[in-house]
Structures are given as C-alpha cells and as structure tokens.
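So the structure is just underneath, and the comments pick up after that.
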Amino acid sequence: MPAPNDVTAYLRRGGLALVATGFGGFAADYLFNVGLARLLDAHAYGDFRVAAAFAAFFGMAVLLGGDRAAPKTLAGPMERGEHAQAWEYLRFYFELSLILSLVIIAATWTAAVLHLGHTDPADHHALAWVVLSVPINAAGALVSRALQSARRPVLASLPWRIAVPLLSLLFVVLFARLQGGIEVHHAVVLSILAVIVVTGGQWWLLRRLELRKLGRDPSFRAPRQWLTTSMPMMGAFLIVLALNQSDLYLLEVLGDEEEVGLYAAAATSAHFLLIIQTAVVSLVASLVQPAREEGPEALQRTFRQGQRLLLTALLPAAALLVLAGGPILDLFGAGFDRAEPELILLAVGNLVWAAAALSTLRLQYTERGQVVVAIALVTLVADSLLNVLLIPTYGMRGAAASTAVTTSLAAAAILVAHGRKAADPNP
C-alpha cells in the first residue's frame, strides 16, 4: 500500500484528471446527442436512446460482474508485474462474455425472424442491430477495468468518455452529408463502428503498457472464487442500471412517444453526475484492496479522501444542471426545454445517489454486496410500480419524480448500511 501522502497525491492528481475527463466526456457525449437529436425527430431519437440502453445493459450483464470485480483481483498482480495472473482473469471473463453474448444475439435475432416484438431487421429496428455490439461493449469494459487496475485511470476512461461519442458523431455527420439524411439503424451501426475502433485502441495500449506477455498461470485461475465475488457486484450494478433505464422503457410503453425523446435529453444531461461518480469510484477502487490489507485505519483514510473528492466534484455540477437546465436543453433543439422540470428532478436524484457511491463500494469490497443488491432490487421494484402509477397521468414528470424519490431513498439506505459496517471494528 502506498504511503498516505502518496495516496493523497494520487487521488489529487487522478481526481483532477478524471474530473476533467468527466467534463470533457460529458461535453463529447452531449455534443453527440445534440447532433443526433437535430438529425432525427424526437421519436426516432428516443428509439436510438432505448437501443443504446439495451446495448449498455447487456454489454455489462454478459460479464457477470467481471469488470466490477477486476480492480479487487487485478490490482495486486498488475502492481507486482504478474502479467500471467492478470491474463488468466481477463481470459476467463473474455470467454464467458463471448459465450453469453452469442446466446443473447441468437435470441434477439430469433425473435426478429419470427417477427416477435419490435426487433425485425427488415423494418430496420435499432434493437436488431445494436445487439451485435454487446460482446464489443463487454470487451471494452473489461479492458478499461484492467487499465484502471494498473492505475492508469485516464487511459481507462478517456477513450470511452470522449473518443466514442466524438467518433460516433463524426461518422453520423459524414454519413448524413453523403446520404442526405440518416435513420436510426444507421446511427446504431455507426456507433458500433466507433466502439470497435476505441476498444481495439485500448487493447493495444494495455498490451503495450502493461500486458507485454500473455503467459498462462493455471494455478491462479479460480473461476468459482471470482464469480462468487463478481456476481453480487454485477447484480447491484445491473439493477441500478435497470433503474436508470426503466423509466425510458416504461415511458415508451405507457406514455406519449414524443416525450421519450424529451425525457432522454433530460436524462442525458443529468447523467453527467453519474459520469463524475464513475470516475471517482474508478479512481478509489484500485486503492481499496491494498488499504484493506494494511488495516482499518488505512481503509477509513482512503474512503474519507475519496468522499471529499467526490462531493467537491458533484456539488458544482449539480448546481449547474439545476440553475441552467433550460439553456442546456435548448441545445437539443426547439421544444426540448419542456423537459426542464424533469431535468431538475433527475439531477437531484442522481446527486443523492452518486454521493453514496463510495459507501456502496465499501460494502461490496467488505463482503456485504448482498445488502447493496437487496436495496437496489427493492428500489427497482418500487420505481417500476411508481412509474406504472404516475406515467399514465403525469407522463415524463411522473417518471422523473419516481426516479428521484426512489434513488434518494436507496441512497439513504446505503448510507445507513455503510454506517453500521463502519462501526464494525473489523471492516
């Protein structure tokens, strides 16, 4: 474990770099979404966002938490230069995610061929095409976590935060100019191309900077142990991801289809807070296991410093979203500022949830991951029920209110559970 001063310096340097990357990533993602929203109508833009949410969810699901647990398993081997051990872990989850991805692709295209639901490729439906990105998303997430475990947080996050949306925008704009317009399935395929380019680039960096040799170490291979650690993390993460996305799905089913695009613009804006959360958690995660090995005092110190950094980054960003919501949404085009109240509600909910992120991390790293899963599952059920009750009457306002209330209550429950664990003399 590095000395306290080294940890502080690492968090300060890494925090500034990752927050800057977060701002840059938000700007890049926002630019992409604004550009796409101006090329498509609100309904088509909403379809793209639903497809993107589908790919993000299953791209994480097929890893069974391998990306979430990677820093816990890989931080030590990567620091010691034990590349064969790191490769055993990565190899296992690469193979697992590929098998599960093929199952999901087969199921989706079977439904398409049988004309079940809304995945028919003959109708150019986005879901039929976006499912092809699932194994690529999974590989990219795993490579990013490996770079994070090697304490290269900027290289882990910058390509996905900035390069993917900017490349996607470049491809979309060029295609629209050459073809005189663009449809949803074109945007999906071009976004997949951007992901392929970035994932390939990150893998090249990982090989060049860290995994110069891909040797084998079968004695380190422990699939059952790895899955025991990773699956609770996956459960919590996927439930939270579903919570963030379920309002879009339910709004499309129960509400006005035009509001899906408006709501997606508000959700995209409020997501900035979750980008900051992810950046800071990624920074702290590689320090947690070494701190645990050093003792309770080092662990407490690491989390206190991380929490201070997290709040310092979150509060100004949340204030910006609340105070400048109208002008921010105007960037998407005429009429999108109708979602300003929804943006404020979502910003408040995301702020409270993001502030509890390090408490969630500590519970997961101290064998209390099942508590996080239980809280997240109850929250998802409550949010879904509230959406079903509120959306038919209040539309996107009901969806935003439901998310803000349930995520705030979930954050409170996480903090209570963390407080009890922190009082344990053997964290």
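The values are calculated or read from the model by the stated rules, or taken from the named source; none is laboratory data. Nothing here was measured: the structure is a model prediction, and the numbers come from that model. Because the Cβ atoms are built from the backbone with ideal geometry, glycine has one as well, and the counts that use them run over all protein chains shown. We work out accessible area using only protein heavy atoms, side chains counted, and drop any ligands, DNA or RNA first. Shrake-Rupley method; radii C 1.70, N 1.55, O 1.52, S 1.80 Å.
To put it simply, the accessible area of the chain at a 1.4 Å probe is 66 percent carbon and sulfur.
Peptides 136-144, 322-330 ranked from most to least packed, by the mean per-residue count of other Cβ atoms within 10 Å: 136-144, 322-330. For the chain, complete DSSP H runs whose alpha carbons reach 18 Å or more along their own long axis and whose mean Kyte-Doolittle score is 1.0 or higher are 83-113, 164-179, 184-209, 340-355, 369-394. Per q in 0.17, 0.20 Å⁻¹, report the Debye log10 I(q)/I(0) for the stretch 65-212, using one uniform scatterer on each alpha carbon and no solvent. For the stretch 65-212, the Cα-only Debye profile gives -0.97, -1.15.
In the stretch 277-405, the ratio of gyration radius to Kirkwood radius, Rg to Rh, stands at 1.07 when only Cα atoms are counted.
Computed per residue of the chain from DSSP H runs no shorter than four, each worth -39500 (n - 2.57), the mean residue ellipticity at 222 nm is -28500 deg cm²/dmol. Rolling a 1.4 angstrom probe over the protein heavy atoms with all chains in place gives the stretch 340-397 an accessible area of 39 Å² per residue.
Taking only protein heavy atoms into account and a 1.4 Å probe, give the accessible area per residue of the stretch 82-218 in Å². Let's see the in-between values first.
Details: 6360 Å² over 137 residues.
Solvent-accessible surface per residue comes out at 46 Å².
Cα extents for the stretch 166-280 along the principal axes, largest to smallest and rounded to whole angstrom: 55, 37, 25.
Fully extending the segment from residue 209 to residue 319, taken as 0.36 nm per residue of separation minus the present Cα-Cα distance, adds 35.7 nm. Note on the chain: percent of Cα-Cα distances in each 10 Å bin, starting at 0 and stopping at the bin with the largest distance, equals 5, 21, 33, 27, 11, 2, 0.
Using the Cβ-Cβ distance between residue 311 and residue 27 with R0 = 22 Å, the FRET efficiency computed as 1/(1 + (r/R0)^6) comes to roughly 0.50. The residue 224 and residue 330 beta-carbon pair, evaluated with R₀ = 45 Å, returns a calculated FRET efficiency of approximately 0.25. Within the assembled protein chains, the solvent-accessible surface assigned to residue 365 is about 0 Å², based on a 1.4 Å probe.
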